[in-house]
Amino acid sequence: MAHSSSTQSVPSSSTVPRHVAIIMDGNGRWATGRFLPRVAGHGKGVEAVREIVEACAVRGVEYLTLFAFSSENWRRPAEEVSLLMRLFMAALEREVGKMHANGIRLKVVGDLGRFDDKLQQMIDNAERKTAGNTAMTVTICANYGGRWDVMQAVQKMVAARAASNPQQAGAGQDVTAFTEEELAQHLAMAYAPEPDLFIRTGGEQRISNFLLWQLAYSELYFTDTYWPDFGAAELDKAIASYQQRERRFGRTSEQLVEQKKAS
């Protein structure tokens, strides 16, 4: 496991969140409020992604994770789903070169097998092209669900244990004695630290099956601002709110004071 778990050890905290995760909500309502088709809101939302990626890079955020399409979004009208897929492909074609030029690594996580072959190939090409970049990691969660993530990690963990010791059950050892560390290394985002700051735009105040494992100790920030209007200034408000939080990770405020005195 590349990064420590907030439930197993106390992670370091910094003024600027190392990892920001965002549910980009409100595209459709933004458009409806302007008497525009929902497609206009999704198109404007892609522009907001570009601004937030740039703003996070400037502010020193190392990991930015964006919830683009959930496993439940397939329930939306077929026409809207098709549009979202086309926007995704267009964004990959247009933005990957720019990201690569700026040293940004792109990752796409989720159950990608449901996408058509062309989109899967585009995702693979984009990840390969940017794999060596270190300035920042941008992760797009597409056909992703937190419960899916945990289940696929469990399946991989069990398979890895069986492959490493196929005689374990016959030897009378407890095949259910797994650890948190064993599971965590198989999660879709094992390459990233847990999010420090979670943001949801659009006025809703729920997690919506996003990074259920990883958000255990993240600071939560909800805003009524619709995603197309969420720019650098709104990001600064979220970071300012984060900077006012006391991140105790199970400890008391008095312990934090003593720690500061000791350092």
Original post:
What order do 196, 224 take when sorted by accessible area (1.4 Å probe), most exposed first?
Top reply: 224, 196
Original post:
What is the Å³ per residue value for the convex hull set by the Cα atoms of the chain?
Top reply: 157
Subject >> Cα-derived Rg to Rh of the stretch 185-226, Kirkwood definition >> reply: 1.02
**OP:** Considering only lysines 8 or more places apart in sequence, or on different chains, count the pairs in the chain whose C-alpha atoms sit under 25 Å apart.
**Re:** 11
Subject >> Value of [θ]222 nm, deg cm²/dmol, for the chain, DSSP H segments ≥ 4, -39500 (n - 2.57) each, nearest 500 >> reply: -13500 deg cm²/dmol
**OP:** Please get the size of the charge dipole for the chain, origin at its Cα centre, with Cβ charges of +1 on Lys and Arg and -1 on Asp and Glu, quoted in debye to the nearest 20.
**Re:** 260
**OP:** Taking GluC sites (Glu not before Pro) as candidate sites, keep only those in a DSSP loop with at most 15 other Cβ atoms within 10 Å, then name the longest stretch of the chain containing none of them.
**Re:** 73-203
Subject >> Cβ-derived FRET efficiency at R0 45 Å, residue 75 paired with residue 102, nearest 0.05 >> reply: 0.80
**OP:** Scan around residue 230 for amide H atoms under 5 Å from its own, H built in the peptide plane at 1.01 Å from N, and keep only partners 5 or more places away or cross-chain.
**Re:** none
**OP:** Assuming 1.567 mPa s and 4 °C, estimate D for the stretch 49-121 with Stokes-Einstein, Rh taken as the Kirkwood radius over Cα pairs, in µm²/s.
**Re:** 93
**OP:** May I ask for the net charge around residue 101, where only other residues with Cβ less than 14 Å from the Cβ of residue 101 are counted and Lys, Arg are +1 while Asp, Glu are -1?
**Re:** +3
Original post:
Kirkwood hydrodynamic radius for the stretch 101-219: how many Å is it when counted over pairs of different Cα atoms?
Top reply: 16.6
Subject >> Largest to smallest principal axis extent of the C-alpha atoms in the stretch 12-69, angstrom >> reply: 45, 17, 17
Subject >> Extension gain (nm, one decimal) between residue 179 and residue 89, 0.36 nm per residue minus Cα-Cα >> reply: 28.6 nm
**OP:** In a Gaussian network model over the chain where Cα atoms closer than 10 Å are linked, find which of 189, 157, 136 has the largest mean-square fluctuation.
**Re:** 157
**OP:** Go through 186, 154, 55 and say which Cα lies farthest out towards the positive end of the charge dipole of the chain; charges sit on Cβ, +1 for Lys and Arg, -1 for Asp and Glu.
**Re:** 55
Original post:
Counting every Cα pair in the stretch 126-167, what percent are over 12 Å apart?
Top reply: 72
Original post:
Cβ under 10 Å from residue 127's Cβ, residue 127 left aside: what net charge do those residues give with Lys, Arg +1 and Asp, Glu -1?
Top reply: +3
Subject >> Theoretical FRET efficiency, 1/(1+(r/R0)^6), r = Cβ-Cβ of residue 161 and residue 216, R0 30 Å, to 0.05 >> reply: 0.80
Original post:
In a GNM of the chain with a 10 Å cut-off on Cα contacts, which of 164, 82, 71 has the highest mean-square fluctuation?
Top reply: 164
**OP:** Find the percent of Cα-Cα distances in the stretch 1-115 that exceed 21 Å, and round it to a whole number.
**Re:** 48
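The values are calculated or read from the model by the stated rules, or taken from the named source; none is laboratory data. Please read all numbers here as calculations on a predicted model, not as lab measurements. Note: ideal-geometry Cβ built from the backbone for every residue, glycine included; neighbour counts use all protein chains shown. Heavy atoms of the whole protein, side chains included, go into the accessibility calculation; ligands, DNA and RNA do not. Shrake-Rupley method; radii C 1.70, N 1.55, O 1.52, S 1.80 Å.
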